[in-house]
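Written out below as structure tokens is the structure these notes cover.
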Amino acid sequence: SKADSNRASIMKYQSKYMAPINQKRMVGVPGQEEWTFVAQQPGAAVIKLEYMRPWEQDAAIKSKVLEFNVQ
């Protein structure tokens with residue numbers, strides 16, 4: 001959609017999962033997700049982050065909305 005393509009032109013992002021040190025990659029083991037956002041041009045931007053389990057897509061456990069103006 002036009003809104004999605006406009007968002008993509010303002011902000012690029014990437015993420016990576018970081019498993020805990022000295023722990024096997026087992027289901028339920030805590031880890032961290034690192035997100036990097038880079039502004040591509042000036043403008044208003046809103047980032048909405050939602051923590052959801054893959055099997056529970058109907059409702060976020062936690063959410064955070066970040067609003068800012070890129071200059």
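Residues of the range 30-45 that are under 17 Å from Y13 (Cβ atoms) and open to solvent by less than 90 Å² (accessible area, probe 1.4 Å): E34, T36, F37, V38, A39, Q41, G43, A44, A45.
Listed here are the residues, each with its yes/no results for (1) of a type in the set (A, V, I, L, M, F, W, C); (2) modelled with pLDDT of 85 or more; (3) assigned to a helix (DSSP H, G or I).
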site: D4; (1), (2), (3): no, no, yes
site: Q23; (1), (2), (3): no, no, no
site: P30; (1), (2), (3): no, no, no
site: T36; (1), (2), (3): no, yes, no
site: L49; (1), (2), (3): yes, yes, no
site: P54; (1), (2), (3): no, no, no
site: A59; (1), (2), (3): yes, no, no
site: V65; (1), (2), (3): yes, yes, no
site: N69; (1), (2), (3): no, yes, no
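The values are calculated or read from the model by the stated rules, or taken from the named source; none is laboratory data. Computed from a predicted structure; not experimentally measured. With ideal geometry, Cβ positions are generated from the backbone for all residues, glycine too; neighbour counts draw on all protein chains shown. Please note that ligands, DNA and RNA were not included when accessible areas were found on the heavy atoms of the full protein model with its side chains. Shrake-Rupley method; radii C 1.70, N 1.55, O 1.52, S 1.80 Å.
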